1. Scan region 85-98 and give yes if some residue there is within 15 Å of the ligand (Cβ to nearest atom), of a type in the set (Lys, Arg) and either within 12 Å of the chain's Cα centre (by Cα) or within 19 Å of Gly151 (Cβ to Cβ) (or both), otherwise no.
2. Working only within region 135-167, note down all residues that are of a type in the set (Ser, Thr, Tyr), within 14 Å of the ligand (Cβ to nearest atom) and touching a residue at least 24 places away in the same chain (Cβ under 8 Å).
3. Scan region 38-53 residue by residue and report those that are out of contact with any helix residue (DSSP H, G or I) (no Cβ under 7 Å at 6 or more places or on another chain), in contact (Cβ under 8 Å) with a residue 40 or more places away in the chain and either buried (at least 19 other Cβ atoms within 10 Å of the Cβ) or under 12 Å from Asp88 (Cα atoms) (or both).
4. Any chance you could count how many residues in region 54-67 are closer than 17 Å to Phe92 by Cβ and touching a residue at least 24 places away in the same chain (Cβ under 8 Å)?
5. With respect to the numbered conditions (1) within 16 Å of the chain's Cα centre (by Cα); (2) more than 16 Å from the ligand (Cβ to nearest atom); (3) part of a loop (DSSP other than H, G, I, E, B), which one is the sole condition not fulfilled by Arg115?
6. Sort through Phe73, Phe178, Phe171 and tell me the only one that's in a helix (DSSP H, G or I), within 12 Å of the ligand (Cβ to nearest atom) and crowded, with 17+ Cβ neighbours inside 10 Å.
7. Output the residues belonging to region 123-139 that are touching a helix residue (DSSP H, G or I) at 6+ places or on another chain (Cβ under 9 Å) and within 19 Å of Ala56 (Cβ to Cβ).
8. Report, ordered by the first and then the second residue, all pairs with beta carbons closer than 9 Å, sequence separation of six or more or different chains, a first member in region 169-188 that is closer than 17 Å to Asn78 by Cα, and a second member that is of a type in the set (D, E, K, R).
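Nothing in this text is a laboratory measurement; each read-out follows from the coordinates by a stated rule. Quick caveat, the model's predicted, so the values are computed rather than measured. Glycine gets a Cβ as well: all are built from the backbone with ideal geometry, and neighbour counts include every protein chain shown.
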Amino acid sequence: MKKGVRNLLLFILLLPILLGSATSARYKTLADQSFYVMEASDVATIYRPKGSTYKADFVEAEYGLAEQYLEQFAHYNNLPMERCKNSDLQVFVVGMDIVNDKERYPYTTNNVSERWAIYDPYPQDNNLSVILLTEHTSTNVDTVLLVHELGHYWFDEYCWSDDWKASTESFAMSFQDFYTLDRFNRRF
Ligand SMILES: [Zn+2]
């Protein structure tokens, strides 16, 4: 069989899996919800609910750009660019009701009245990290939410807690400011 034909067949076979809805088998916290699954190359697996138009391409592109900022940020702050972990990243696009569900996510940050995104290191599974995002009409807001939560994710992936000498929240905020001041010329 010609390679092209075989690839086409493979794609046709895979299509129902890629477009089909699935529950999050590994991430038990959202096991009661159903999602459509998309791959953002080797960056992350994205789960979006029915009706959402969230794009895998967006996550892939923003991840790549944020990673370039991370390299500069790490350089300025003398943080070693050596990954100590390599967890799978799953990104869930969810409603505001999910991120603000105190029973599902009891460890709510103090003095935040409304959450828009969550980074869940998911200690139940050493090889899995999860980012929950809500979807907004402004692409910039979607970018900032993703960049902030990626800050938390990378803080863990590079084991920077000793080097940074402050909390993961302080790191994510500083990284977010570094990024948004350069890219959008303002803080969020
Ligand atoms: Zn945060």
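1. Within region 85-98, not a single residue is within 15 Å of the ligand (Cβ to nearest atom), of a type in the set (Lys, Arg) and either within 12 Å of the chain's Cα centre (by Cα) or within 19 Å of Gly151 (Cβ to Cβ) (or both).
2. Matches in region 135-167: Tyr153 only.
3. Thr45, Tyr47, Arg48
4. Of the residues in region 54-67, 5 are closer than 17 Å to Phe92 by Cβ and touching a residue at least 24 places away in the same chain (Cβ under 8 Å).
5. The number of the failed condition is (2).
6. The unique qualifying residue is Phe171.
7. Hits for region 123-139 are Ser129, Val130, Ile131, Leu132, Leu133, Thr134, Glu135, His136, Thr139.
8. That search, which allows pairs on different chains as well, returns Ala172/Glu149.
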